[in-house]
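Working notes, structure below.
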Amino acid sequence: MKKVFYAMVFAGFLATSCASRHTQIVDINNPPLTHHTESNYGKPSDIKVQNGVYPLIPLPYQYDALNRYIDTQTMYTHFAKHYTGYLEKLNKEVAEKGLHNQTIETLLMNSGKNMPSLRNNAGGYYNHNLYFGQMSPTPSPQPSGNLLEAIHRDFGSLSNLKEKLQEAAASQFGSGWAWLIRTADGHLAVTKTLNQDNPLMPEVEMNGTPLLGIDVWEHAYYLRYQNKRGDYVKNFWNVLDWEVVSQRFDRP
Ligand code: MN3
């Protein structure tokens, strides 16, 4: 929107200065406006990628659906550009290396630090599927069932868990993720990873099955929140669908 504003101010300035010199307003040769306004992003279902081993998982809501907390432009760029970028690079790399028969989870478990590009692209694909899939314009505000019990057992309360996740998100230096995971022994834990690393991968702070992931890359929040990562994370709770997280916990 800032660009539109500046373009309008600039056009207005030119119009005024030209008019004041009694000259005809001619083509002022503005560069074409290549940005999108809120109304012309199209739909997430318009986005297509080249066929490959791993499919594009559709965004389960429109770009503006979470706009109160996560702005439309961020959602568009995040899904249509960042996410599809990881997916296309992943599919290309998997095809080149002949790694056709692995679930994405197995691929992550086999992506050591000695394969940084596979680690980045496979993580970028998996992490964003998890992230987009857990948000909703009509979220369940509370966990339920087994997850709720486990939260009380392992953190005392939901607000303690949220605080732990906020701390992890705030203390992740640079780009990365904050996670709620289920460890191999069935407990809940909070951890964080660098870049597109993921708790299923080797050589991370703590291993486990991801249940909830908070993207703290600047591309996830900077347009609206600038340097205030903490505000983004606090608002993230307003779009997190705890029902999705509760269901993930129940999966084997
Ligand atoms: Mn991201």
Does at least one position in region 45-60 carry a residue that is more than 16 Å from the ligand (Cβ to nearest atom), in contact with a Leu (Cβ under 6 Å, 6 or more places away or on another chain), hydrophobic (A, V, I, L, M, F, W, C) and assigned to a loop (DSSP other than H, G, I, E, B)? yes
Would you confirm whether any residue within region 150-163 is touching a His at 6+ places or on another chain (Cβ under 9 Å), away from the ligand (no atom under 16 Å from the Cβ), touching a residue at least 60 places away in the same chain (Cβ under 8 Å) and outside any strand (DSSP E or B)? yes
Of everything in region 165-178, what is assigned to a helix (DSSP H, G or I) and farther than 16 Å from LEU240 by Cα? Give them in sequence order. GLU167, ALA168, ALA170, SER171
The lone exception for ASN227 - which of (1) touching a residue at least 40 places away in the same chain (Cβ under 8 Å); (2) surrounded by fewer than 15 Cβ atoms within 10 Å (Cβ to Cβ); (3) not in a helix (DSSP H, G or I) it fails: (1)
I'd like the full set of residues that are surrounded by 20 or more Cβ atoms within 10 Å (Cβ to Cβ) and either away from the ligand (no atom under 16 Å from the Cβ) or of a type in the set (S, T, N, Q) (or both), limited to region 73-93. THR74, ASN91
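Let's see how each residue does on (1) at pLDDT 95 or above; (2) not in a loop (DSSP other than H, G, I, E, B):
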residue	(1), (2)
LEU33	no, no
GLN62	yes, no
ALA65	yes, no
MET75	yes, yes
LEU87	yes, yes
LEU99	no, no
ASN120	yes, yes
GLY123	yes, yes
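Per-residue answers, yes or no, for (1) among the charged types (D, E, K, R); (2) within 16 Å of the ligand (Cβ to nearest atom); (3) touching a helix residue (DSSP H, G or I) at 6+ places or on another chain (Cβ under 7 Å):
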position	(1), (2), (3)
GLU167	yes, no, no
GLY174	no, yes, no
VAL204	no, no, no
THR209	no, no, no
TYR225	no, yes, yes
ARG229	yes, yes, yes
VAL233	no, yes, yes
VAL245	no, no, yes
ARG251	yes, no, no
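Give the number of residues within region 179-201 that are closer than 18 Å to LEU147 by Cα and either of a type in the set (Ser, Thr, Tyr) or not in a loop (DSSP other than H, G, I, E, B) (or both). Lay out the reasoning, then the answer.
Of the residues in region 179-201, the ones closer than 18 Å to LEU147 by Cα are 179-191.
Going one step further and asking which of them are either of a type in the set (Ser, Thr, Tyr) or not in a loop (DSSP other than H, G, I, E, B) (or both), we end up with 179-183, 188-191.
Selection size over region 179-201: 9.
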Residue that is farthest from GLY156 (Cα to Cα) [pool: residues in region 187-208 that are crowded, with 20+ Cβ neighbours inside 10 Å and of a type in the set (D, E, K, R)]: ASP197
Just one of LEU158, LEU188, LEU200, LEU180 is in contact with an Asp or Glu (Cβ under 8 Å, 6 or more places away or on another chain) and within 15 Å of PHE249 (Cβ to Cβ); which is it? LEU188
Going by the conditions given, is LEU107 out of contact with any Pro (no Cβ under 8 Å at 6 or more places or on another chain) and either closer than 30 Å to VAL239 by Cβ or part of a helix (DSSP H, G or I) (or both)? yes
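The values are calculated or read from the model by the stated rules, or taken from the named source; none is laboratory data. If you're wondering where the values come from, they're calculated on a predicted model, not measured in any experiment. Because the Cβ atoms are built from the backbone with ideal geometry, glycine has one as well, and the counts that use them run over all protein chains shown.
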